[in-house]
Amino acid sequence: MKYLVGLVLLFIAFRSERSSPLVEIRNLYEDSAKNKVANTRLIKLLEDLEDGAPLFMGYRGAAVMMEANYVLSPLSKLNRFKTGKALIERALKASPGNLELRYIRLTIQTNLPRFLGYAGDIAKDKGFLIGNLSETQDVDLRKRIVAYLSVAKICSEEELRKINLWKNK
């Protein structure tokens, strides 16, 4: 009977983690850069969530910035960039030690054209992420950070060695 109860609890825990709104947001975020439908779904999902949460504000800012991939007007692209940047920076001001917000900003800054001038925090955020991987209990987030840093071509050999220690954890 103990084993049955344990299996049921494990199943419930696994399902709740997989169906978590945060995991869905993360998945949509990763898909949004190349998939307009995912970007639209992400923006809609974030509109329905609490406005004041810095993490959701950061994701909303990133989603608005990525929406620029799907509009034609240069002015619309620039407006989405400015709106998204303001949301990300406001979220980080409200929660500067948030690992996930730093991850969001790093992924945005490393993928934007340099002429936009939004690349000044790459080294700082990269160092923060590498230095704080051990602090998070969120395995899903840690795996995403490690995967991104491993392929982003922004890390030194020494940094990659540190990151690789987390690949199977």
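The values are calculated or read from the model by the stated rules, or taken from the named source; none is laboratory data. None of these values were measured; they are calculated from a predicted model. Note: ideal-geometry Cβ built from the backbone for every residue, glycine included; neighbour counts use all protein chains shown.
Structure summary
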{"quantity": "Residue within the stretch 133-152 that is of a type in the set (V, I, T), farther than 24 Å from V23 by Cα and modelled with pLDDT of 95 or more present", "calculated": "no"}
{"quantity": "Verdict on Y118 being touching a residue at least 40 places away in the same chain (Cβ under 8 Å), at negative phi, among the aromatic types (F, W, Y) and surrounded by 15 or more Cβ atoms within 10 Å (Cβ to Cβ)", "calculated": "no"}
{"quantity": "Condition check for L165: surrounded by 11 or more Cβ atoms within 10 Å (Cβ to Cβ) and touching a Cys at 6+ places or on another chain (Cβ under 8 Å)", "calculated": "no"}
{"quantity": "Cβ pairs under 7 Å, 6+ apart, first in the stretch 32-54 and free of Cβ contacts under 8 Å to residues at least 12 places away in the same chain, second of a type in the set (S, T, Y) and assigned to a helix (DSSP H, G or I)", "calculated": "A38/S32"}
{"quantity": "Verdict on A63 being aliphatic (A, V, I, L, M), assigned to a helix (DSSP H, G or I), touching a Leu at 6+ places or on another chain (Cβ under 7 Å) and under 18 Å from L101 (Cβ atoms)", "calculated": "yes"}
{"quantity": "Candidates T107, T83 - the one that is out of contact with any Gly (no Cβ under 6 Å at 6 or more places or on another chain), within 30 Å of R161 (Cα to Cα) and at pLDDT 95 or above", "calculated": "T107"}
{"quantity": "Residues located in the stretch 121-137, provided they are in contact (Cβ under 8 Å) with a residue 24 or more places away in the chain and of a type in the set (D, E)", "calculated": "E135"}
{"quantity": "Some residue of the stretch 71-88 being within 13 Å of the chain's Cα centre (by Cα) and among the basic types (K, R)", "calculated": "no"}
{"quantity": "Residue within the stretch 13-23 that is charged (D, E, K, R), assigned to a helix (DSSP H, G or I) and at pLDDT 95 or above present", "calculated": "no"}
{"quantity": "Any chance K77 is charged (D, E, K, R) and in contact (Cβ under 8 Å) with a residue 24 or more places away in the chain", "calculated": "no"}
